[in-house]
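To start, the structure itself, in structure tokens.
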Amino acid sequence: MSNQSVLFDAPGPRAKILYGIVGTVGVLILLGFAAIVIIALGNPDNSQWAADKWLTLLKPVTWTAYLLPGLWATLSAAVVSIVLAGVLGLLLGLGRLSSITIVNRVCGVLVEFLRAVPVLVMMLFAYYVAIFALGIYGPTATFFGVVTGLTLYNGSVIAELLRSGVESLPKGQREASMAVGMTHTQTLISVLLPQAVTAMLPSLVSQLIVVVKDTALGYMISYSELLRKAQTFATPNANLIPTLMVVAVMFIIINFSLSLLANRLERRLRRSRKGPRVVVTADAVADPTTEPATK
Amino acid sequence: MDLIDGMATLLSRYDVLAAFWMTVKLTFVAAIGSLLIGTIVAILRVAPVGVLQAFGTVYVHAIRNTPLTLIVFFCAFGFMNTMGWSIASPESPTSIADNNFWFGVIGLSIYHAAFVAEALRSGINTVPTGQAEAARAIGLSFMPALANVILPQAFRGAIAPLGTTLIALTKNTTVLATIGVAELSYIMSGMLEFNISLLFAIFVLIALAFVILTLPMGFFFTWLSRRLVVAR
């Protein structure tokens, strides 16, 4: 039921009046919620709507010293993580598709484990490994912690994407390459993988959104990403709420553009004649029913 | 055996069980909250009234693209500190911890509601058009058709993505460590600070706690979605 307008008829005169009433009441309720929040934020002791709290956000130094470096830290950690996660995902994914049982099993358990543990737990662990075992300190250690945590988790997600990408290819592809005498590995590397990787491009971009959002967890290990920078800026100015609003808008703009990009890629792949016929969306992996049991 | 000894030491020194229970509580309460908000948002998104549809769409896009940490900050620092709202009674000795808990739950619910709404919408998409047409043909209007015909089937079709959301929610309760709710990752960062020599044991202990929680959930939802799938 992709066309949801089948849920209701074209409104007649009575339904139109009813819809009008429901719409008005709905808008009034929403405006009521908004008004409660806006009034509460403007409470006289510490009004967040005071002009000076917002004007400091317009000063160039706010952006050059806090928000832009924070944004850079967020984006650089995200990009490094998604690249490394791609590499790790490729290795784990190949491992899971391997015909050698032991490699297959080990990679399967590893992927399930990495997917079950929260990113923050892995970040904390990696951060303390950096300090305690590797002897790295300061910003390098926090960057290492954030990137390692994100890489481990997203690598396992990408491995699953890769596997479902390969498994969703038409059976004829594998059979044809076997028929011309390719080995299992040759089939995988030169026939199945290129198609699977193209098919999963849109979901890789969607995964980048998850990575960008999760860099904010770096706050916990005091990585100076956007959120921590925003808080450092806001504390002396006592304008945390306005700053958080600006930061939220920044995140929404970045991630929304990424999701538009992912949608466009997906549409293009679906249209393309020569490309693979299947497109792996994140739902294919998110849906446990499509996954064969691992144990 | 070092690992086992280390974990035993940690278990004797820290109240890991209480933290584990806190994670379970957070997951349970926030799951109910996000299911409620998410269902409302999903209904708004398919409603015949344009304004409500627009609100549902904006809600889902805005919330899904904002980091959970930021939403939790809004709830904790905005509602609690700036607006001075309080859910727990101020006289209670644990009022600060209780407030952190409840505002954390609100943040978790608001965030995951967007994912629940999307899961339900995909569930609605699995319901054949004929069901809605038949409902209209026997004279049901929008809300009765939705409540009696479409949604019950949509929920059954959406079990798998809802399960994924619940697992994500379980893992995301760790974000509440940033506002000081004493759940597993909060106690983990406390352990790490004072017992760095037990680094590996700490990680394995906390990771195991999450594996214990999320792995059965995954199996349960796979089983449930197979069992409840609407035969067509």
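The values are calculated or read from the model by the stated rules, or taken from the named source; none is laboratory data. All of these numbers come straight from a predicted model, not from anything done at the bench. Note that each Cβ is placed from the backbone with ideal geometry, even for glycine, and that neighbours are counted across all protein chains shown.
Table: residues versus (1) of a type in the set (Asp, Glu); (2) touching a Gly at 6+ places or on another chain (Cβ under 8 Å); (3) assigned to a helix (DSSP H, G or I).
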site	(1), (2), (3)
B:163	no, yes, yes
B:168	no, no, yes
B:181	no, yes, no
B:188	no, no, yes
B:193	yes, no, yes
B:211	no, no, yes
B:214	no, no, yes
B:220	no, yes, yes
B:230	no, yes, no
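Among the numbered criteria (1) without any contact (Cβ under 8 Å) to a residue 60 or more places away in the chain; (2) assigned by TED's automatic domain parsing to the domain that holds residue A:229; (3) of a type in the set (Ser, Thr, Tyr), which one does residue A:81 miss?
(1)
Could you name every one of the helices (runs of 4 or more DSSP H) located completely within region A:92-190 that has at least 1 residues being within 14 Å of chain B (Cβ to nearest Cβ)?
Numbers: elements: A:101-116, A:119-132, A:138-167, A:171-179.
Where helices (runs of 4 or more DSSP H) fall fully within region A:92-190 and carry at least 1 residues being within 14 Å of chain B (Cβ to nearest Cβ), they are A:101-116, A:119-132, A:138-167.
Is it fair to say residue A:32 is loosely packed, with under 15 Cβ neighbours inside 10 Å and in a helix (DSSP H, G or I)? It would help to see each step written out before you state the result.
On the way: loosely packed, with under 15 Cβ neighbours inside 10 Å: yes; in a helix (DSSP H, G or I): yes.
It is true that residue A:32 is loosely packed, with under 15 Cβ neighbours inside 10 Å and in a helix (DSSP H, G or I).
Of A:146, A:166, A:119, which residue is touching a Lys or Arg at 6+ places or on another chain (Cβ under 8 Å) and either under 30 Å from residue A:227 (Cα atoms) or crowded, with 23+ Cβ neighbours inside 10 Å (or both)? Reasoning before the result, please.
Numbers: A:146 fails: touching a Lys or Arg at 6+ places or on another chain (Cβ under 8 Å); A:166 fails: touching a Lys or Arg at 6+ places or on another chain (Cβ under 8 Å).
None of the other options fit; the residue is A:119.
Whether any residue in region B:103-114 is over 16 Å from residue B:26 (Cβ atoms) and at the interface with chain A (Cβ under 10 Å from one of its Cβ atoms) is what I want to check.
Of region B:103-114, the ones over 16 Å from residue B:26 (Cβ atoms) are B:114.
Restricting the remaining residues to those that are at the interface with chain A (Cβ under 10 Å from one of its Cβ atoms) gives none.
No: zero hits.
Which one of these does residue A:65 not meet: (1) more than 10 Å from chain B (Cβ to nearest Cβ); (2) in contact with a helix residue (DSSP H, G or I) (Cβ under 7 Å, 6 or more places away or on another chain); (3) surrounded by 14 or more Cβ atoms within 10 Å (Cβ to Cβ)?
All conditions are met except number (2).
Does region A:4-26 contain at least one residue that is under 26 Å from residue B:75 (Cα atoms), part of a helix (DSSP H, G or I) and assigned by TED's automatic domain parsing to the domain that holds residue A:149?
Looking for residues that are under 26 Å from residue B:75 (Cα atoms), part of a helix (DSSP H, G or I) and assigned by TED's automatic domain parsing to the domain that holds residue A:149, one finds none in region A:4-26, hence no.
Go through (1) surrounded by fewer than 21 Cβ atoms within 10 Å (Cβ to Cβ); (2) within 8 Å of another protein chain (Cβ to nearest Cβ); (3) over 29 Å from residue A:194 (Cα atoms) and name the single condition residue A:249 misses.
(2)
For residue B:72, indicate whether it is within 12 Å of chain A (Cβ to nearest Cβ), in a helix (DSSP H, G or I) and under 16 Å from the mean Cα position of the chain (by Cα). Walk me through it before giving the result.
Details: within 12 Å of chain A (Cβ to nearest Cβ): yes; in a helix (DSSP H, G or I): yes; under 16 Å from the mean Cα position of the chain (by Cα): yes.
In short, yes.
Go through B:67, B:128 for me and flag whichever is facing chain A (nearest Cβ under 7 Å) and touching a residue at least 60 places away in the same chain (Cβ under 8 Å).
The unique qualifying residue is B:128.
Got a number for residues in region B:48-64 being over 24 Å from residue A:246 (Cβ atoms) and within 8 Å of chain A (Cβ to nearest Cβ)? It would help to see each step written out before you state the result.
Narrowing region B:48-64 to residues over 24 Å from residue A:246 (Cβ atoms): B:48-53, B:56.
Subsequent filtering for residues that are within 8 Å of chain A (Cβ to nearest Cβ) retains B:48-52.
Here the count works out to 5.
What are the residues in region B:190-219 that are buried (at least 20 other Cβ atoms within 10 Å of the Cβ) and at the interface with another protein chain (Cβ under 7 Å from one of its Cβ atoms), if any?
Scanning region B:190-219 gives B:192, B:203, B:206, B:207, B:210, B:214, B:218.
Do the conditions hold for residue A:241, that is, is it on the phi < 0 side of the Ramachandran plot, within 14 Å of chain B (Cβ to nearest Cβ) and more than 15 Å from the chain's Cα centre (by Cα)? Before you say what the answer is, go through the steps one by one.
Values: on the phi < 0 side of the Ramachandran plot: yes; within 14 Å of chain B (Cβ to nearest Cβ): yes; more than 15 Å from the chain's Cα centre (by Cα): yes.
Taking the combined requirement at face value, the residue satisfies it.
Restricting the search to region A:35-62, which residues are within 13 Å of chain B (Cβ to nearest Cβ) and assigned to a loop (DSSP other than H, G, I, E, B)?
A:42, A:43, A:47, A:48, A:49, A:50, listed by residue number.
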